[in-house]
Each structure stands twice: as C-alpha cells, then as structure tokens.
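Asks: Okay, here's the structure, questions in a sec.
The values are calculated or read from the model by the stated rules, or taken from the named source; none is laboratory data. Please read these numbers as outputs of a predicted model, since none were measured by experiment. So basically every Cβ, Gly included, is an ideal-geometry build from the backbone, and we count neighbours across all protein chains shown. Note: accessible area is taken over every heavy atom of the protein model, side chains too, but ligands, DNA and RNA are not part of it. Shrake-Rupley method; radii C 1.70, N 1.55, O 1.52, S 1.80 Å.
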Amino acid sequence: MGQQLNLALQIERYLPQQSLELINAISSKANQCGQMAYLVGGIVRDILLGYPNFDLDLVIEGDAVNLAHQIAKADRVKLITHPRFGTAKLRYNNFTLDMATARGELYAKPGALPVVTPGTINDDLLRRDFSINAMAISLNNNNYGELIDPHQGRSDLEHRFIRILHPNSFRDDATRIFRATRYEQRLGFEIEPQTVRLLKHNIPMVDTISGDRIRHELELIFRENYPEYILRRLSKLGALQRINTSLKGNGWIAEQFEKARLLNKPGLLSSLYLSLLIYPLRTEENEHFIHRLNISTKLAQVLRDTLHLKSQLHFLAQPFIKHSEIYYLLYEYSPLAIQTNAIASESQAACSNLELFLSKLRYIKTTLNGEDLLKLGFSAGPELGKALQILHKAKLNGLVKTRAEEEKLALSLQHL
Ligand code: ATP
Ligand code: MG
C-alpha cells in the first residue's frame, strides 16, 4: 500500500468553483443522512496527472438517485435517472455530473451485462477496468480529500502502466481490450506485460460483445486526437481483425485520417473516420461489418455509397469530362461518401472533380423553374422535365449564365 495521500488542495485548485461548490453541497447532504460521497474514475486519474477533465463522477454509499432528486430540485437543473441501475445524471449549463450508488458486479457470462448488487466504495472500485481508473477521493467530513487507492493506481500512473484488476477482466468484458488500448495511446502509457498477455489470450472474447457495444468503442476511439495510433495498436494485438478480418490500422489509414482532420469539420469527423476505415474492404466484407456493428440504415447507406463510388472513380478521372457529367454521376451519392473518396482516391484527377462537385457543382441551379417554363408556353409533362435538365446541364457547363440566356435556350428547345 502506498502512503496516505490527501488531495483536498489539488481538488480546490483543479475544479472550477461551481463544480467544487456542487460536490461539497452533495457530500454534506449525503453525510447529513449517514451516506458517503466520493469522486471516482477518470477525474481522479486526471487530477493526479494534472490533465483537464470536466466530467464529474460521484459514487454514493447510500442512495444516489434519491440524493440526485434532492439536488436537482434545489438547483432546478435537468435530471435523468436510471433507478434500476442506481444512477443519475445532472445537467448543468456547462458540465454534467454523474452520480451512482456504490455497487458490486458479478459477471454470469462473458460479454453479458453483469448482475449488480449494492456495495461499498471498495466493491465499486473493484468492478472497474484498470487500476488508474479505480481510485476515489473521499468527500466526507472525517477524511475529506483522502485518496482511496486499493489497486495501486497511483503507482501505475507513476510507472505509466495500464493494468487490469483481476485475471478474468477481459473475459468478463472484452470492451476493455479497446479501452486499454485507447488509454495507452492517449496517455502515452504502456499496457503492463501481464495485462498484455491476458489481453492477447482473450482476443476471441471480442466475439462476445454486441454490435452496439463494439460500435460505441469505435466511436470513443474516433473522439480521440489520433485514432490511427489506437487502430494500429489494436491491429498489432489482433483485436481489429477480430471485428472484421480485413480491417487495418496501417500507415495508409493514418495518412487518410490526417487528411480528414485537415478539412476541419469536427461534426463530420467521426463518420469520415468510419468510412475511411471501411474503404479498403470488399463489398461483402463491408456488409459483414455493417451487420456486425449493427450500423443504422442511414450510416450503412453512406458506407455502401462510399464503396460503390470507389468502383466508379475511373469515369471521373477521364480527361475532358464535362461538369454536367460530373454532376449527374455524383448527385445521388451521399456527400460523406463523396468526401471520403475525395480524401482516399489515388487518382488526382478524380479527387479534384470530387472536390469540384462538393464545393461548387452541387449548388448550381437554373434560374428558371418549371412554372417559368409553363409561362413560356411549355406544357406540363416529361418534355418539361427534359427541358429543365438541358438547361441545368448548360448552366453547369457554363453555356448559359443569365436568366435571359436561359430563356433563349428554353425557347429554342420548344421549337425542336
Ligand atoms: P474518459 O476520460 O475516457 O472519459 P473515464 O475514466 O472517465 O475516461 P468513462 O468511459 O467515462 O471513462 O467511464 C468512467 C469510469 O467507469 C471509468 O473511469 C472506469 O472506472 C469505469 N468504467 C467504464 N467502462 C468500464 C468497463 N467497461 N469496465 C469497467 N469499468 C468501466
Ligand atoms: Mg469520462
């Protein structure tokens, strides 16, 4: 056991005033009715590392949901509770606070959700993934600020190790394989040798995780600054291939991810990473991936579009291709699929035509619409549609620019 460490001063310096006042209010309310409150998980790790983290996680020895109701009422903030799991989320203006009743967990079957029983803070820390995430800080009157570290998390932080708490950890929950790698690469740590051994041994357990949970892990990876490092490590460990044999975390992926970041579109980045990840897959492999990860219909369409467009790129790379041809080749594909190909295609010519579509061609519209053509004497029906398309193509190709030029062209069509 390490030396007793008191972090009261660090908490005060680290946490924004509002968060500090809030957790102190919660702990005194808890203490008043004989309950205990602790800061736990990532925030404790990051306080010790001096890294920013604005997710507050509290564990209550007592009844977190009831306590959360009292706080939400007093502060008039939004509250979401899951009484069955003993958890509650309070949403303040600029941060959220999670509260959970201390609990122990029992895994009846690998990959399944565990059976949960009320417990002490030590039970609650024992169910966690890694020693560096299994520390708590007491917020209670008798030992405020004291670090509770039953699994030598502080020592592992110093030695920069990611270490599981017991040999069955990866078997119980194989998402920890992805989590271990994510923390290792984010923090520049190393998965501790015995943990690596057990991780490799349990790679087949990836099969026990549901599609939704694997997808969630990928989403978390894609939120990191450099997901490619995590993918490379997962690939070396054999975990990525366990999801789908053709997935790769190689230098090519790293280059594409870098290009995706340079676009500076944070809202799109995660989906772009995903479609770049499947870019090297064959159609059947992509279908397997979509099915394995239970990907939504909408996103699945983007992935299918991406590969379909990839197979059509030679048309776009033709010299002297007209703008109207580019437009009508691309307009039915999802913009994300087009963007993915613009990043990943090896053909310079195809890339610049994809970019041209995204930045200009897709926005070009004719000035005249169907009603205008009716006024010019067209009758409703397929001919009118045809005329509109001819006008649109002419506009795309720069053959007509003004409304008058469009009208002139329209009238000439009428007399055909
Ligand atoms: P991050 O900075 O990535 O948010 P975090 O430590 O806050 O890191 P969360 O995913 O927010 O991570 O989870 C909060 C805490 O819950 C973790 O610190 C860990 O103790 C515990 N935890 C999360 N997922 C698991 C899991 N699969 N198995 C065991 N414990 C977990
Ligand atoms: Mg967190």
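Asks: Where the second residue is among the small types (Gly, Ala, Ser) and more than 16 Å from ligand 2 (Cβ to nearest atom) and the first is more than 14 Å from Leu5 (Cα to Cα) and lies in the range 129-157, which pairs have Cβ atoms under 6 Å and are six or more apart or on separate chains?
Replies: As it stands, the answer is His151/Ser131; Asp156/Ser131, since those pairs meet every condition given.
For (1) open to solvent by 30 Å² or more (accessible area, probe 1.4 Å); (2) at pLDDT 95 or above; (3) part of a helix (DSSP H, G or I), each residue gets a yes or a no:
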site: Phe320; (1), (2), (3): yes, no, no
site: Tyr328; (1), (2), (3): yes, yes, yes
site: Ala337; (1), (2), (3): no, yes, yes
site: Thr340; (1), (2), (3): no, yes, yes
site: Thr366; (1), (2), (3): yes, yes, no
site: Leu373; (1), (2), (3): no, no, yes
site: Phe378; (1), (2), (3): no, no, no
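Asks: So which of Asn140, Asn122 is among the polar types (S, T, N, Q) and open to solvent by less than 10 Å² (accessible area, probe 1.4 Å)? Steps first, please.
Replies: Numbers: Asn122 fails: open to solvent by less than 10 Å² (accessible area, probe 1.4 Å).
Checking each option against the conditions leaves just Asn140.
Asks: Just name the residue that is farthest from Asp98 (Cα to Cα) out of those in the range 53-78 that are within 16 Å of ligand 2 (Cβ to nearest atom) and open to solvent by 70 Å² or more (accessible area, probe 1.4 Å).
Replies: Among those residues, the one meeting the criterion is Phe54.
Asks: Search the range 276-298 for residues that are modelled with pLDDT of 95 or more and pair each with any residue that is surrounded by fewer than 20 Cβ atoms within 10 Å (Cβ to Cβ) and among the small types (Gly, Ala, Ser) when their beta-carbon atoms are under 6 Å apart and the residues are at least 6 apart or on different chains.
Replies: These pairs meet every condition: Leu281/Ser246; Glu285/Ser246; Ile290/Ala300; Arg292/Gly211; Leu293/Gly211; Asn294/Gly211.
Asks: On to the next question. Against the definition (open to solvent by less than 80 Å² (accessible area, probe 1.4 Å), modelled with pLDDT of 95 or more and among the small types (Gly, Ala, Ser)), how does Ser412 come out, yes or no?
Replies: So Ser412 fails the test.
Asks: Scan the range 31-85 for residues that are free of Cβ contacts under 8 Å to residues at least 24 places away in the same chain, away from ligand 1 (no atom under 16 Å from the Cβ) and assigned to a loop (DSSP other than H, G, I, E, B) and jot them down.
Replies: Scanning the range 31-85 gives Arg76, Val77, Pro83, Arg84.
Asks: Next question, about the same structure. Going through the range 21-45 one residue at a time, which ones are aliphatic (A, V, I, L, M) and open to solvent by 20 Å² or more (accessible area, probe 1.4 Å)?
Replies: So in the range 21-45, the residues aliphatic (A, V, I, L, M) come out as 22-23, 25-26, 30, 36-37, 39-40, 43-44.
Selection gives Ala25, Met36.
Asks: For the range 261-271, indicate whether the set of residues that are part of a helix (DSSP H, G or I), touching a residue at least 24 places away in the same chain (Cβ under 8 Å) and open to solvent by 80 Å² or more (accessible area, probe 1.4 Å) is non-empty. Please lay out each step first, then the result.
Replies: First pass over the range 261-271, keeping only residues part of a helix (DSSP H, G or I): 261-262, 266-271.
Subset that is touching a residue at least 24 places away in the same chain (Cβ under 8 Å): 268-271.
This time we only want the ones that are open to solvent by 80 Å² or more (accessible area, probe 1.4 Å), so: none.
No, the range 261-271 has no match at all.
Asks: Given the conditions (1) under 31 Å from the mean Cα position of the chain (by Cα); (2) assigned to a helix (DSSP H, G or I); (3) loosely packed, with under 13 Cβ neighbours inside 10 Å, report the number of the one that Ala404 does not fulfil.
Replies: Condition not satisfied by Ala404: (1).
Asks: If you don't mind, there's one more thing I want to ask. Does the range 109-117 contain at least one residue that is loosely packed, with under 15 Cβ neighbours inside 10 Å and in contact with a strand residue (DSSP E or B) (Cβ under 6 Å, 6 or more places away or on another chain)?
Replies: The answer is yes; a qualifying residue exists.
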